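One structure below.
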Amino acid sequence: MQRGENLALPPGGFEEATLTSQYQDRAYIKKRVGFVKLCLQHGYPIVPVYCFGENKTFWNAQGFWNLRLKMNSLGAPAILIWGSKFLPILPKRTPNGLLIVAGKRIEIPKIENPTREDVKKWHDKYMAALLKIYEDYKHEAYGDDAKSMKLELW
């Protein structure tokens, strides 16, 4: 960061892995504000990125969200996954492959001591940009199946 190079911070973590579903695109981002605060403190831009099709590489048990998310908060990833038929720890091939899209760069002001309101303002802009990427590229990623698809933000 001191050299001004790009840095990738995937904010989803255990929670996003727990919520992953083959049938619904989800991003665990509503409570993930630390990366925005860091960007504000240093004046770094944010580039929203979304990976289409990643949720189709593994089957993941669904439900019991409160218990599973509580387990995650205690450091125990609460996922039950199954990938390839012959070697379940490896991902499955997806019908449409993966499509990784980087959105428009969000220029962030440098604020050494950002307030909660500052962080919320820029976090909301990030979430809006993430939703825009999803809406703009879901047809390219999923074809006709994309018509009724939405990105759930948790």
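The values are calculated or read from the model by the stated rules, or taken from the named source; none is laboratory data. Quick caveat: nothing in here was measured; it's all calculated off a predicted structure. Virtual Cβ from ideal backbone geometry, glycine too; neighbours counted across all protein chains shown. Side chains included, ligands, DNA and RNA excluded: accessible areas come from the protein's heavy atoms. Shrake-Rupley method; radii C 1.70, N 1.55, O 1.52, S 1.80 Å.
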- Task: Give the ranking of Asp124, Asp144, Asp136, Asp25 by solvent-accessible surface, highest area first, calculated with a 1.4 Å probe.
- Result: Asp144, Asp136, Asp124, Asp25
- For Ser21, Ser148, Ser73, what's the largest-to-smallest order of accessible area, 1.4 Å probe? Ser148, Ser73, Ser21
- How many times 2.2 N^0.38 Å is the alpha carbon radius of gyration of the chain? 1.13
- Task: Over the range 44-149, give the accessible area per residue in Å² for a 1.4 Å probe, as an integer.
- Result: 69
- Item | Positive-pole candidate from Ile108, Leu19, His42, dipole of the chain, charges at beta carbon | Leu19
- Considering only protein heavy atoms, what is the solvent-accessible area of Arg32 at a probe of 1.4 Å, reported in Å² to the nearest 10? 70
- Surface share of carbon and sulfur [accessible, 1.4 angstrom probe, percent] for the chain: 57
- Message: Could you put Trp59, Trp82, Trp122, Trp65 in order of accessible surface area, largest first, with the 1.4 Å probe and the full protein assembly present?
- Response: Trp82, Trp59, Trp65, Trp122
- Computed over the range 4-148: relative contact order in percent, which uses C-alpha pairs under 8 Å that are six or more apart: 30
- Filtering the chain for DSSP H helices with an axial alpha carbon extent of at least 18 Å and a Kyte-Doolittle mean of at least -0.5 returns none
- 5 angstrom amide H check on Ile106, placed H, neighbours 5+ away: Ile46, Val47
- Query: Along the three principal axes, how long is the range 1-54 when you take its alpha carbons, biggest first, rounded to the nearest angstrom?
  - Reply: 40, 21, 14
- Message: With n ≥ 4 as the cut-off for DSSP H runs, can you work out [θ] at 222 nm for the chain, using -39500 (n - 2.57) per run divided by the number of residues, rounded to the nearest 500?
- Response: -10500 deg cm²/dmol
